[in-house]
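Notes for the one structure printed next.
The values are calculated or read from the model by the stated rules, or taken from the named source; none is laboratory data. Here the structure is a predicted model, which is why all the values come from computation and not from measurement. All Cβ positions, even for glycine, are placed from backbone atoms using ideal geometry, and neighbour counts span all protein chains on display. Just the protein is used for accessible areas: all its heavy atoms, side chains included, with ligands, DNA and RNA removed. Shrake-Rupley method; radii C 1.70, N 1.55, O 1.52, S 1.80 Å.
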Amino acid sequence: MSVWDDLTGQADAIATFRAAAEESLAGDASRSMTHSWLITGPPGSGRSNLAYAFAAALLSNGNPDGDTATIRQVDARTHPDLGVLSTERVIITIDEVRTLVKNSNYSPSAARYRVMIIEDADRMREAASNVLLKALEEPPPRTVWILCAPSEADLLPTIRSRVRTVRLRVPAVADVADLIARRDGIDLAAATRAAREAQSHIGMAHRLATNENARQRREQTLQTALRIRSVSDAVVAAATLLEVAGQDAKAITAERDAEERENALRSLGVAPGATVPPALRSQLKALEEDQKRRATRSLRDGIDRIMVDLLSLYRDILLLQLGVGGELVNASIMPDLRRASAAATPEQTLATLDAIAEARRRIEGNIAPALALEAMLITATRRTAQQ
Amino acid sequence: MATRTSARSTTRTASKTASKTAPAIPQLEWHRVRPAPVVLVTGPEQYLADRASELLRDTLRAEDPSLEVSDIDAGSYAPGELLTLASPSLFGEPRLIRVGAVEKGTDQFYADLLGYLENPADDAYVLLRHGGGVRGKKLLEAIRAGQGGGIEVLCPEVKKDTERYDFAASEFSAQHRRVTSGALRALVSAFSGDLAELAAACRQLLSDSTEEITEETVDRYYAGRVERTAFQVADIAIAGRYGEALMMLRHALASGADPVPIVAVFAMKVRAMAKVSGRRGGSAQLASQLSMAPWQVDNARRDARGWDDDGIGRCIDVLAETDAAVKGGGRDPVYALERMVSVISSRGTSQY
């Protein structure tokens with residue numbers, strides 16, 4: 001049993017981290033170990049899992065593979081020497097970073113190191129990143145920082161120059177399929193299909209393999225896009241996709257929102273159904289705003305998943321149109337792909353791919369998701385598709 | 001003439017309410033408010049209610065300058081509060097008790113007030129402000145049935161331009177001042193948003209000028225100001241009247257409209273047009289297909305006359321671009337809006 005077991009297809013990165021942990025625990029921390037790390041890699045490649053594995057290895061006294069008790073504490077995020085900043089909102093605020101920096105100055109209490117992890121470091125704005133600079137450059141002797149981000153370019157140059165970067169690669173479809181088949185007991189063919197359709201995103205592949213609704217939603221997304229024949233269809237399709245993403249997000253957040261509100265009311269001492277006294281309204285308001293921010297984030301994540309699926313669809317169509325061969329992501333809807341590739345020119349498909357990238361950029365810039373989706377899907381109109 | 005119209009319209013509203021609940025107490029317009037043991041002020045127009053309350057206080061103070069005024073918030077009412085304030089004091093001054101937010105009152109408040117209605121205090125005037133809604137219905141019915149010898153003051157929402165015109169006219173005639181109808185029209189179009197703003201403008205003109213108020217007077221004070229909403233701008237632009245739309249856009253921006261909601265309104269209208277474009281069938285059938293209301297389908301169809309699919313497609317793309325630009329993606333939000341108006345009023349053919 002080792003912390004490094006369940007990480008798929010990242011042998012190089014694991015070797016780097018394991019060597020660092022081993023040497024530092026042996027007392028020779030001069031070559032492989034450093035105090036600030038940055039793990040980059042595409043979504044779903046296991047950035048944060050690797051960060052926690054490394055943390056567990058560092059926090060376990062004398063065992064670079066991690067001991068059971070520490071692994072359990074790290075998994076529950078309850079280890080006293082582990083500081084974690086992860087967000088369910090769109091951005092990480094400056095106050096959250098300040099608190100983390102303050103905590104990083106305490107000496108470790110149980111282990112040799114204090115480990116501070118920031119998941120989604122790309123969600124820090126410039127001001128929040130600047131708070132981190134001093135702490136990253138000269139942390140207290142036994143504090144280790146681990147940041148995770150999709151790519152180096154997502155962080156400020158001043159942060160980049162203060163960390164050692166470890167790059168993860170996109171795991172191979174076969175590796176992911178193997179992991180899913182082994183861990184969830186799915187037969188290999190279905191696991192391979194899920195892994196391919198998730199484009200090696202491990203979490204997504206797991207969901208597609210085990211959740212019938214997720215599969216159906218993906219199928220519905222692709223079919224909706226393929227059936228667009230006019231501007232009117234495109235606008236209706238945008239509404240459909242938005243609804244799909246909204247349902248996805250709501251399934252995650254609605255129940256939690258109600259529960260949190262109830263808990264908050266109970267801890268404020270308001271009887272169920274009674275009116276909230278004016279003095280307490282601001283607290284509830286803060287809670288509601290928090291929930292709203294979380295909803296925004298999960299809606300955006302849902303839309304982004306849809307766009308990634310559509311990217312794979314039009315990539316496949318382009319491959320067919322150019323006749324270059326290669327593995328198709330959506331091989332399961334081959335007849336539809338052939339029909340769609342005959343209905344348009346490669347130029348049109350490229351324009352659609354560009355439009356999807358543009359829409360992702362626009363949504364990041366906070367424009368109305370409906371508008372971005374509509375503008376994107378209009379370029380996907382294929383009038384001659386019936387022939 | 002203007003005041004007469006207003007009087008007629010109020011009688012109509014009053015008679016409509018009357019046929020529903022058959023109140024046994026007089027229902028008055030806001031400026032006819034007079035002292036009574038219980039004055040119930042209902043209706044959604046907060047500004048008129050405030051004016052009625054002010055008027056009542058001034059009347060009472062003119063009768064007896066030692067008037068005691070106190071305020072209660074029905075939403076945070078403590079038991080017995082009303083009785084404490086209403087009971088006679090040592091020197092027997094009259095008392096005006098203003099109660100706000102009756103539509104959000106506590107249960108104890110309604111109980112206390114119903115008890116008070118059976119035996120109102122002498123020389124005490126209770127003004128109840130009820131903004132609408134079903135809460136406190138029992139109390140309203142008791143007052144309307146004549147308990148406590150009350151009156152009701154109606155403050156219906158002022159929505160239409162003609163109603164605003166009447167309101168402004170009555171503001172001037174109440175001070176026995178002459179005003180031309182052109183001046184009134186200019187005033188109403190300059191302040192078509194908040195009623196309080198219109199009233200303030202009227203008061204300003206009343207206190208500053210001595211002779212008859214004409215269009216020139218209004219022009220001198222509020223020259224060129226025209227309030228426009230994003231909806232009006234969008235309607236004109238979609239109808240293809242470029243110059244007029246651009247002018248209205250400038251008016252809208254100058255009178256406080258924000259670029260972001262303007263884009264949202266355009267997007268909503270163009271989206272509706274895109275949905276109905278190229279679809280056949282009756283409006284009821286389409287409405288259920290597209291989850292819109294039948295009248296929305298009809299409006300969108302009327303708007304989409306003369307447009308083609310490519311034009312609508314290009315407009316949606318420009319709208320997305322503009323939305324990004326007004327949310328910080330571009331340098332000049334106003335330029336982005338003008339460009340959008342240009343593209344839309346050319347039905348998507350302009351290469352701006």
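List of remarks:
- By definition, a body whose alpha carbon gyration tensor gives a ≥ b ≥ c is rounded when a/c is under 1.5, and the stretch B:161-222 falls into this rounded group.
- Amide hydrogen neighbours beyond the local backbone of A:Ile92, cut-off 5 Å, H modeled: A:Met124, A:Arg125
- Buried between B and A is an accessible area of approximately 1500 Å², summed over both sides with a 1.4 Å probe.
- Local electrostatic count at B:Ile316 - Lys and Arg +1, Asp and Glu -1, tallied over other residues with Cβ under 9 Å: 0
- Shape call, chain B: gyration tensor on alpha carbons, a/c limit 1.5: prolate
- Summing +1 for each Lys or Arg and -1 for each Asp or Glu among the other residues whose beta-carbon sits under 14 angstrom from that of A:Arg297 gives -2.
- Sulfur and carbon atoms: percent of accessible area, the protein assembly as shown [1.4 Å]: 51
- Karplus-derived 3J(HN,Hα), 6.51/-1.76/1.60, for each residue of the stretch A:217-228, Hz, glycine and proline x: 4, 5, 4, 4, 4, 5, 5, 4, 5, 6, 8, 7
- Within a Gaussian network of chain A (alpha carbon springs, distance under 10 Å), most fluctuating of A:Leu373, A:Leu59, A:Leu156: A:Leu156
- Sites listed here are GluC sites (Glu not before Pro) in the stretch A:251-328 whose DSSP assignment is loop and whose Cβ has at most 15 other Cβ atoms within 10 Å: A:Glu327.
- The GNM of chain A, with springs linking C-alpha atoms under 10 angstrom apart, assigns the highest mean-square fluctuation among A:Pro64, A:Pro278, A:Pro171 to A:Pro278.
- Among A:Val166, A:Thr221, A:Ile186 - extreme Cα towards positive end, dipole of chain A, charges at beta-carbon: A:Thr221
- Contact order normalised by residue count of the stretch B:31-177, Cα under 8 Å, 6+ apart, percent: 35
- Candidates A:Pro80, A:Asn61, A:Tyr106 compared by Cα position along the dipole of chain A: farthest toward the positive end lies A:Tyr106, with charges placed on Cβ.
- Counting Cβ atoms of other protein chains within 10 Å of each Cβ in B:269-280 and taking the mean gives 4.
- Cβ-based charge dipole, chain A, positive-most Cα from A:Gly44, A:Leu337, A:Gln283: A:Gln283
- Cα-centred dipole magnitude for the stretch B:263-336, charges only on beta-carbon of K, R (+1) and D, E (-1), debye, nearest 20: 260
- Whole-number percent relative contact order across the stretch A:11-167, with pairs defined as alpha carbons under 8 Å at least 6 apart: 31
- Rounded if a/c under 1.5, otherwise prolate or oblate - chain A, Cα gyration tensor axes: oblate
- Distance from the stretch B:304-347 to the stretch A:19-87 (C-alpha centre basis), Å: 51
- Computed about the Cα centre, the dipole magnitude for the stretch A:216-300 is approximately 220 debye when only Lys and Arg (+1) and Asp and Glu (-1) carry charge, each at its Cβ.
- The amide H of A:Val144, built 1.01 Å from its N in the peptide plane, has A:Arg114, A:Val115, A:Met116 as neighbours under 5 Å, considering only residues 5 or more places off or on other chains.
- Highest-fluctuation residue, A:Val166, A:Val176, A:Val131 considered, GNM on chain A with Cα pairs under 10 Å: A:Val131
- Working from Cα pairs under 8 Å separated by at least six residues, relative contact order for the stretch B:161-222 is 41 percent.
- Overall, the stretch B:21-154 carries a charge dipole of about 380 debye about its Cα centre when +1 sits on the Cβ of Lys and Arg and -1 on the Cβ of Asp and Glu, all other atoms neutral.
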